[in-house]
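Before any comments, here is the structure.
The values are calculated or read from the model by the stated rules, or taken from the named source; none is laboratory data. Because the structure is predicted, anything quoted here is derived from the model rather than measured. Using ideal geometry, Cβ is built from the backbone for each residue, glycine included, and neighbour counts are taken over all protein chains shown. Accessible surface areas use protein heavy atoms only, side chains included; no ligands, DNA or RNA. Shrake-Rupley method; radii C 1.70, N 1.55, O 1.52, S 1.80 Å.
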Number of protein chains: 2
Amino acid sequence: MRTRDENKIAAIKEKAIELMVSDGLDGFSIQKLAKAAGVSPATIYIYYKDKEDLIVQLSTDLTYKMLDHSMQGFDPEMDFAEGMRLQWKNRANHCMKYPLELAFIEHIRYSPLYEKTKAEMTARFKDEMGRFVHCAIKNKQLHKLPFEVYWSVAFAPLYQLIKFHSQGRSHKNEHFVLSNKLLMQTCDLVIKALTP
Amino acid sequence: MRTRDENKIAAIKEKAIELMVSDGLDGFSIQKLAKAAGVSPATIYIYYKDKEDLIVQLSTDLTYKMLDHSMQGFDPEMDFAEGMRLQWKNRANHCMKYPLELAFIEHIRYSPLYEKTKAEMTARFKDEMGRFVHCAIKNKQLHKLPFEVYWSVAFAPLYQLIKFHSQGRSHKNEHFVLSNKLLMQTCDLVIKALTP
DNA sequence: AAGATAAATGAATGGTCATTCACTTACAAT
DNA sequence: ATTGTAAGTGAATGACCATTCATTTATCTT
């Protein structure tokens, strides 16, 4: 039996991310991907059922990796402020380290393709975050709020900041840099909003 | 000279929004649009240079309309908390009133096509918001912060809340409803974070 | 060395795409 | 009523698309 070439598989994944980011969801095609990865179009169909499967698998992998990273060192029983700062640091670190992967996810985030990924991730991580919130409320470190409100105030500003930072890279004139100090300052503002 | 049929133009715009939302950026085609609008493909090219032009024009129109609405009754010299509450109300109102238009914009927001729209909108509205921020800082109603940080904390949670609300409509089990009371409560949390 | 088998391929297929163009239609001006 | 003209059309074109398949290639087992 011929052994399979892991380099090819890696090249397919890597170039898929690059192409999706540069050409957008609508400009992305299997034939272009095959050429970019130095592979026959038919080879891609050995590893993925079809184009949708490729995109969904990739987005699920990357999203999982991102969320998993954000949970490193995290414990739902943590002090609220401490837990928040840890999450902010973890998430920002990961996004800055893998800007292409972040851009890939943002490109397909509003497409119907992302629904499956989102469902899986919710199942995997919502419970842990839910316990964190519940715990913090019990300890009077957090306002009693619907989960969606908590999430919106706690994390939406973080992702917006990262987006500003990433855009700054491509545009030449303006150049917003998200330093660690600024990140933690903003996190503390958010903590202030959420603390009774 | 034959008079032009405004109904056709309106149908093209309306169906373009519907199709983009239902099929996504990648599933959207001129031929499908022509059929949905009851029009020849060639007719679309009378009003739009090409497919990109159609999408860009539409997204610019809708974004402008949305931002314009958000500025109703607004004055950069306003008291900070008052100005924030007005903006939150205006933006939420508009998004809930025209959910398809919001969905359209979110579908193309991360595509290269949106850059032109974004540049125009920044030029038009950033100045007014900048003065509001500057004024509030001067009156000691707002922390001195980079504009991006202010924006992220002040508005990212709002859009996230609206997104949760809109998603609730399609899914049957969970059903997060963004009431006016909850909206203003959350706005006040954000104000607390931003006030010295 | 030969056979078995999964990996990998290039070319082909049928479909859809954006865009164009020769043409018809409807209306305002004459 | 005739005419000029912009609005509107349907069919056609060439490019590109996702996917398949007959075939070849590389490696493991024997």
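Could you grab me the full set of residues in the range B:2-25 that are open to solvent by 50 Å² or more (accessible area, probe 1.4 Å) and more than 10 Å from DNA strand C (Cβ to nearest atom)?
Once the filter is applied, which keeps residues that are open to solvent by 50 Å² or more (accessible area, probe 1.4 Å) and more than 10 Å from DNA strand C (Cβ to nearest atom), the range B:2-25 yields B:Glu6, B:Asn7, B:Lys8, B:Ala10, B:Lys13, B:Glu14, B:Lys15, B:Glu18, B:Ser22.
Yes or no: the range A:143-151 includes at least one residue that is closer than 21 Å to A:Ser59 by Cβ and either aliphatic (A, V, I, L, M) or at pLDDT 95 or above (or both).
Scanning the range A:143-151 turns up at least one residue that is closer than 21 Å to A:Ser59 by Cβ and either aliphatic (A, V, I, L, M) or at pLDDT 95 or above (or both).
Being crowded, with 21+ Cβ neighbours inside 10 Å, more than 10 Å from chain A (Cβ to nearest Cβ) and out of contact with any strand residue (DSSP E or B) (no Cβ under 7 Å at 6 or more places or on another chain): is that true of B:Ala154 here?
When the stated conditions are applied, B:Ala154 does not pass them.
Looking only at residues in the range B:42-52 that are near DNA strand C (Cβ under 10 Å from one of its atoms) and surrounded by 14 or more Cβ atoms within 10 Å (Cβ to Cβ), which one is nearest to B:Arg4 (Cα to Cα)?
Taking the range B:42-52 and keeping what is near DNA strand C (Cβ under 10 Å from one of its atoms), we get B:42-46, B:48-52.
Those still in the list that are surrounded by 14 or more Cβ atoms within 10 Å (Cβ to Cβ) too: B:43-45, B:48, B:51.
Working: B:Thr43: 11, B:Ile44: 13, B:Tyr45: 14, B:Tyr48: 15, B:Lys51: 21 Å.
Going through the qualifying residues, I end up with B:Thr43.
Could you list, in sequence order, all residues of the range A:109-135 that are under 21 Å from B:Asp26 (Cβ atoms) and touching a Leu at 6+ places or on another chain (Cβ under 7 Å)?
Filtering the range A:109-135 for residues under 21 Å from B:Asp26 (Cβ atoms) gives A:109-119.
If the condition is that a residue be under 21 Å from B:Asp26 (Cβ atoms) and touching a Leu at 6+ places or on another chain (Cβ under 7 Å), then A:Ser111 is the only one that fits.
With respect to A:Val153, determine if the residue is closer than 24 Å to B:Asp188 by Cβ, touching a residue at least 12 places away in the same chain (Cβ under 8 Å), among the β-branched types (Val, Ile, Thr) and in the same structural domain as A:His94 (by TED's automatic domain parsing).
Working: closer than 24 Å to B:Asp188 by Cβ: yes; touching a residue at least 12 places away in the same chain (Cβ under 8 Å): yes; among the β-branched types (Val, Ile, Thr): yes; in the same structural domain as A:His94 (by TED's automatic domain parsing): yes.
Yes.
Given (1) over 27 Å from A:Phe125 (Cβ atoms); (2) more than 12 Å from DNA strand D (Cβ to nearest atom); (3) open to solvent by 20 Å² or more (accessible area, probe 1.4 Å), where does A:Ser29 come up short, assuming only one miss?
If we test A:Ser29 against (1) over 27 Å from A:Phe125 (Cβ atoms); (2) more than 12 Å from DNA strand D (Cβ to nearest atom); (3) open to solvent by 20 Å² or more (accessible area, probe 1.4 Å), just (2) comes out false.
Right, B:Ser59: more than 15 Å from DNA strand C (Cβ to nearest atom), in contact with a Lys or Arg (Cβ under 9 Å, 6 or more places away or on another chain) and within 14 Å of chain A (Cβ to nearest Cβ) or not?
Details: more than 15 Å from DNA strand C (Cβ to nearest atom): yes; in contact with a Lys or Arg (Cβ under 9 Å, 6 or more places away or on another chain): yes; within 14 Å of chain A (Cβ to nearest Cβ): yes.
For B:Ser59, the condition - more than 15 Å from DNA strand C (Cβ to nearest atom), in contact with a Lys or Arg (Cβ under 9 Å, 6 or more places away or on another chain) and within 14 Å of chain A (Cβ to nearest Cβ) - is met.
Evaluate the range A:33-53: report whether one residue or more is touching a residue at least 40 places away in the same chain (Cβ under 8 Å) and within 13 Å of DNA strand D (Cβ to nearest atom). Steps first, answer last, please.
Going through the range A:33-53, the residues touching a residue at least 40 places away in the same chain (Cβ under 8 Å) turn out to be A:52.
Remaining after also requiring within 13 Å of DNA strand D (Cβ to nearest atom): A:52.
Yes, the range A:33-53 has at least one match.
Would a scan of the range A:112-128 turn up a residue that is of a type in the set (D, E, K, R), farther than 29 Å from A:Ala11 by Cβ and open to solvent by less than 60 Å² (accessible area, probe 1.4 Å)? So that I can check it myself, show each step before the final result.
First pass over the range A:112-128, keeping only residues of a type in the set (D, E, K, R): A:115-116, A:118, A:120, A:124, A:126-128.
From what's left, farther than 29 Å from A:Ala11 by Cβ: A:126-128.
Keeping just the survivors that are open to solvent by less than 60 Å² (accessible area, probe 1.4 Å) gives A:128.
Checked the range A:112-128: at least one residue is of a type in the set (D, E, K, R), farther than 29 Å from A:Ala11 by Cβ and open to solvent by less than 60 Å² (accessible area, probe 1.4 Å).
Restricting to the range A:22-59, count the residues that are under 18 Å from A:Ala103 (Cα atoms), aliphatic (A, V, I, L, M) and at pLDDT 95 or above.
5
Answer with yes or no whether A:Asn7 is in the same structural domain as A:Leu178 (by TED's automatic domain parsing) and assigned to a helix (DSSP H, G or I).
Values: in the same structural domain as A:Leu178 (by TED's automatic domain parsing): no; assigned to a helix (DSSP H, G or I): yes.
Spelling it out, it is not the case that A:Asn7 is in the same structural domain as A:Leu178 (by TED's automatic domain parsing) and assigned to a helix (DSSP H, G or I).
Exactly one condition in (1) within 16 Å of DNA strand D (Cβ to nearest atom); (2) under 17 Å from A:Tyr159 (Cα atoms) is not met by A:Asn7; state its number.
(2) is the only condition that A:Asn7 fails.
Have a look at A:Lys144, A:Lys116 and point out the one that is away from chain B (no Cβ under 12 Å) and under 27 Å from B:Ser166 (Cα atoms). Quick ask: steps written out before the conclusion?
On the way: A:Lys144 fails: away from chain B (no Cβ under 12 Å).
Only one candidate qualifies: A:Lys116.
Given the conditions (1) under 23 Å from A:Gln72 (Cα atoms); (2) open to solvent by less than 30 Å² (accessible area, probe 1.4 Å), which single one is not true for A:Val149?
Of everything listed in (1) under 23 Å from A:Gln72 (Cα atoms); (2) open to solvent by less than 30 Å² (accessible area, probe 1.4 Å), A:Val149 misses just condition (1).
Which one of the conditions (1) facing another protein chain (nearest Cβ under 10 Å); (2) of a type in the set (A, V, I, L, M, F, W, C); (3) assigned to a loop (DSSP other than H, G, I, E, B); (4) over 20 Å from the mean Cα position of the chain (by Cα) does B:Leu178 fail to meet, given that it meets all the rest?
Here B:Leu178 meets the rest and fails (4).
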